[in-house]
1. Kindly provide the set of residues from the range 138-163 that are small (Gly, Ala, Ser), more than 23 Å from Ile194 (Cβ to Cβ) and either at pLDDT below 85 or surrounded by 17 or more Cβ atoms within 10 Å (Cβ to Cβ) (or both), ordered by number.
2. Tell me which residues, restricted to the range 48-107, are among the aromatic types (Phe, Trp, Tyr), within 13 Å of the ligand (Cβ to nearest atom) and within 22 Å of Glu33 (Cβ to Cβ).
3. Name the residues in the range 95-122 that are in contact (Cβ under 8 Å) with a residue 40 or more places away in the chain and charged (D, E, K, R), would you?
4. Exactly one condition in (1) more than 25 Å from Pro81 (Cβ to Cβ); (2) part of a helix (DSSP H, G or I) is not met by Thr144; state its number.
5. Within the set of pairs 6 or more residues apart or between chains, which connect a residue that is under 15 Å from Val22 (Cβ atoms) and of a type in the set (Gly, Ala, Ser) inside the range 33-56 to a residue that is within 13 Å of the ligand (Cβ to nearest atom) and part of a helix (DSSP H, G or I) with Cβ atoms less than 6 Å apart?
6. For Val22, state whether it is surrounded by fewer than 20 Cβ atoms within 10 Å (Cβ to Cβ) and within 18 Å of Gly8 (Cβ to Cβ).
7. For the subset of the range 41-67 comprising residues that are assigned to a strand (DSSP E or B) and in contact with a helix residue (DSSP H, G or I) (Cβ under 7 Å, 6 or more places away or on another chain), which member is surrounded by the most Cβ atoms within 10 Å (Cβ to Cβ)?
8. If you check every pair at least six apart or on different chains, which have Cβ atoms under 6 Å apart with a residue in the range 154-182 that is more than 21 Å from Pro126 (Cα to Cα) first and a residue that is part of a strand (DSSP E or B) and among the β-branched types (Val, Ile, Thr) second?
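The values are calculated or read from the model by the stated rules, or taken from the named source; none is laboratory data. Note that the structure is predicted; figures quoted are calculated from it, not measured. Please note: Cβ atoms are built from the backbone with ideal geometry, for glycine as well, and neighbour counts cover all protein chains shown.
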Amino acid sequence: MLCLASGGGQQGPTLAATGARVTVFDNSPRQLEQDELVARRNGLELRTVLGDMRDLSAFADASFDLVFNPVSNLFVPELAPVWRECHRVLRPGGTLLCGFLNPDVYLFDHEALDKRGELVVRHRLPYSDLTHVPAEERARLWGTNAPLEYSHTLAEQIGGQLAAGVVITGFEEVPHHADATAGWLPGYFATRAIKPR
Ligand SMILES: C[S@@+](CC[C@H](N)C(=O)[O-])C[C@H]1O[C@@H](n2cnc3c(N)ncnc32)[C@H](O)[C@@H]1O
């Protein structure tokens, strides 16, 4: 199994505990260290690989039965390379499980949402990143080194997977885990897709 952009010591060790042969791939050495730490602590085996989710050239074609991609594609500006690479490294009949944010969550002013729980429509969608928010405001809200987020569209998320050649066979939605949008709309979507044989 490939845990894609999935570092942090959560999903990789959990799947390894089921007996799966797991590779955790992430662009953060610190996140991968967490997987190694949890695996060591619990006597589990897994492999960690550092890299960008848009380039899986470290892996051969058809080398995984399952690609698990937790909510993380908000950190890359374009999704087509991610889906193309997922399709390539999956064996025929393999499964792609992916979680992503409901793009509509990005409509709202962050300060009003986080501080007062108010839904104030502010951002036109899709926004390419947060650079249209003044630097001073970004620093105040998230600190100076916060990663940029990209809202994406459902066409990129769902149409993009289909265009890469996988077939979507499952779809779920759940509320946001923390912010006030949870009372109004789904915060996260999850897809299950199969690479045809
Ligand atoms: C929100 S975490 C999701 C996984 C984490 N295990 C969890 O459950 O919260 C997002 C992960 O994506 C990784 N990431 C961000 N941009 C990436 C990229 N371009 N390529 C690979 N990994 C990336 C981050 O380092 C982080 O580990």
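1. Within the range 138-163, Ala146, Ser151 meet the criteria.
2. Phe68, Phe75
3. Initially, the range 95-122 is screened for residues in contact (Cβ under 8 Å) with a residue 40 or more places away in the chain, giving 95-106, 108, 113-114, 117-119.
Residues satisfying the conditions are Asp104, Asp114, Glu118.
4. Unmet condition: (2).
5. Taking only residues 6 or more apart or on different chains, the pairs are Ala39/Pro13.
6. Working: surrounded by fewer than 20 Cβ atoms within 10 Å (Cβ to Cβ): no; within 18 Å of Gly8 (Cβ to Cβ): yes.
Here the answer is no, as Val22 does not meet what is asked.
7. Going through the qualifying residues, I end up with Val67.
8. Partner pairs satisfying both residue conditions: Val167/Ile194; Ile168/Thr191; Thr169/Ile194; Phe171/Thr191.
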